[in-house]
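Q: Here's a structure for you.
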Amino acid sequence: MFSKGPMRSYVKDGKPGYVFSVDLIDADGGEIRATAFNELAETLNQTFQVDQTYYISKGHLKVANKRFNSLNSEFEITLGKETQVSVCDDGEVIRVQYNFVPIEDIANMPKDAVIDVIGIAVEMTPVTDRTMGDRNVKRRTFKLMDSSAVRIETTMWDERADNPGWAENETPIIAIKGAKVTEFNGKSLTLNKGSRIEMNPATEAAQQIVNWYNSQGGEIVSRDLSVERGKGASFTPASYKESTFLDMINGFSDNVTNDFEVKGWISSISDKNTTYASCNQCKKKMQEGMCPAGHSGQPVHRYLVQLSACDVTASAWMGGFDEVGRVMYGISGDEWVNTEIEDPNRKQVIMANATCRPYRFLIKASKETYKDEEKIRYRINRIENIDYIKESMSLIDKLEPHIESKGLF
Ligand SMILES: [Zn+2]
C-alpha cells in the first residue's frame, strides 16, 4: 500500500455513511485503488499502514472513474464483508513506480491533471493557519526545481504542512507520486491526502538532480511557473467580499464573517512600535527578554504594522503583522531593526516608498470595546502589490457583456 486516503463521510438517500480508499501497487508496477465503506472502512482504516504489503482476497471490481483516479489500472476494487485482508511479511519490498513529468512541461498541462514529479525542494515557507468556512486550514508551500532550473510552487495542507519531514533550511530531493496541477498563481502543484512524497530516493533520477545542483555552485538562474504571492497573481479565499472602503466601513454586521477585499493606497504608516522581539521557535512575544514558553536562542524581530489606507470613498486605520511588513518593505523584521539603528534616513525612505502606492488588502473586521466605547478594528490578513495584467483582464471580463450588447465590437 503506497498511499492512504482520508475517511470521508457522505449522505445517500438520507442515510449517513463513511468511505475510505487506499492505493495499492504490486511488484510489476500495477496500481489499483481499493475502497471500503462504513464499519469495514473504520476497521481497515486502523489496520492499513502505508508501505506495508498485504494479501487481499475477494474484492469486487468496478470500472475506475478516471477523473478522481490517476492510477494505471482501468479498474478499482470495492472491499466488502467477504473480503479478507492479511499482512504479508515475507514479500519482497515493492518500490513505487514513477512516471516523472519534467517541471518545464507542467506549463502546458491542464488544470487538475495528476502527475509524478521529482526535484529539489527549496524555499519552504513557515506553516500558516487560517479559517476557511468552518474549518481550520494549515498550509505550507515550497518550490520544486529540477535540472531545467524551472521551479513550481507546491502546496502542502494540514498534517503534511505541519510535519513535512524536512526543515525550512534544508533542500532535500523530493519525488512526488500523484501531485495535482492547479492554476493558482500561474501553474502550481497541490498535494492532497492521496499524494505520496518520497524524500531523497536512492534512484538515478534523484542523483542526476543532486549532481546538477552541486555543479551549479549556488549560481542558479531559475524561472518560476508559479507567480509569487505579493508579487503578482492573487488569491482570495471564498469568504472575502470585494468592497470599497466605504462599503467595508458600512458593511460590518454582527454574527457574520466580516472579511473584505479592498484596493487602496497607504496614506500614512505609524513609525512607533514597528516590530517586536519574538521567540525563534514558537513565535511568541518575548517577555523581559525571555520566551514565555521557556525556549532559548536569539529572538527574531517581527513586524507590527499600523497604517492608514484609503480609496476614493473612505479611509481606515488598519493593523497587520509580520507578513504585511515584509510585503510593504521587502525586508525582514531583523533587517528592518538593523536599518533603524544603522541608517534611520534609509528607514524613512523605505517607509515613504511604501506609501501612496496601491495595494490589494484582505481585511478582517472585528468589534472591540475600548473605554466603554465600541470600535471596529480592521486587521490586514494579507496585502499584495497590484497585478496590473490581472486587474485589466478582470475589468475586460466585466465590460465585455456591455460592449457586445451595444455592438461596439
Ligand atoms: Zn518559544
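All of the numbers you see were taken from the coordinates with simple rules; none came from a lab. Because the structure is predicted, anything quoted here is derived from the model rather than measured. Every residue, glycine as well, gets a Cβ built from its backbone with ideal geometry; the counts of neighbours run over all protein chains shown.
Q: Under a crude label model (7 Å from the Cα following the beta-carbon direction), how far is ARG346 from VAL256 in nanometres?
A: 4.7
Q: Something else about it: Which FRET efficiency value, to the nearest 0.05, do you get for ILE389 and ASP105 by plugging their Cβ-Cβ distance into 1/(1 + (r/R0)^6) with R0 = 30 Å?
A: Numbers: r = 24 Å, r/R0 = 0.79.
Calculated value: 0.80.
Q: Working out 0.36 nm times the residue gap between THR128 and GLU373, then minus their Cα-Cα distance, what length gain in nm do you get to one decimal?
A: Full extension of this stretch gives 84.9 nm more.
Q: Above 15 Å lies some portion of the pair distances; for the range 3-87, what is it as a whole percent of all C-alpha pairs?
A: Taking all Cα-Cα pairs of the range 3-87, the fraction more than 15 Å apart is 58 percent.
Q: Also, I was wondering about something else. Tell me, in nm to one decimal, what length is gained between SER366 and HIS295 on full extension, where the rule is 0.36 nm per residue of separation less the Cα-Cα distance? Intermediate values should be presented prior to the final figure.
A: Values: separation 71, 0.36 × 71 = 25.56 nm, distance 3.20 nm.
Length gained between SER366 and HIS295: 22.4 nm.
Q: Quantify how much of the Cα-Cα distance distribution of the range 103-224 extends past 25 Å, in percent.
A: It works out to 21 percent of all Cα pairs.
Q: Would you order ARG135, ARG140 from fewest to most other beta-carbon atoms within 10 Å of each residue's own beta-carbon?
A: ARG135, ARG140
Q: Which lysines, on any chain, are close to LYS4 with Cα under 24 Å apart, when same-chain ones fewer than 8 places away are left out?
A: By straight Cα distance, LYS4 reaches LYS12, LYS58, LYS62, LYS66, LYS81, LYS111, LYS138, LYS177, LYS180, LYS193.
Q: Right, here's the next one. In whole angstrom, how far apart do the alpha carbon centroids of the range 300-353 and the range 249-282 sit?
A: 12
Q: May I pose another question? Please list, in chain and number order, the residues 5+ apart from THR275 or on another chain whose amide H is under 5 Å from its amide H, with Hs placed from the backbone.
A: The list, which skips near neighbours in sequence, is LEU304.
Q: Output the direction-averaged projected area (hull surface divided by four) of the convex hull of the alpha-carbon atoms of the chain, in nm². Intermediate results must be reported in sequence, preceding the final value.
A: On the way: hull surface 115.9 nm².
Result: a mean projected hull area of 29.0 nm².
Q: Starting from the 7 Å offset along Cα-to-Cβ, what nm value, one decimal, do you get for the label separation of ASP28 and ASP247?
A: For the pair ASP28/ASP247, the computed spacing is 6.0 nm.
Q: In Å, what Kirkwood hydrodynamic radius results for the range 241-397 from the alpha-carbon pair distances?
A: For the range 241-397, inverting the mean 1/r across all distinct Cα pairs yields 17.2 Å.
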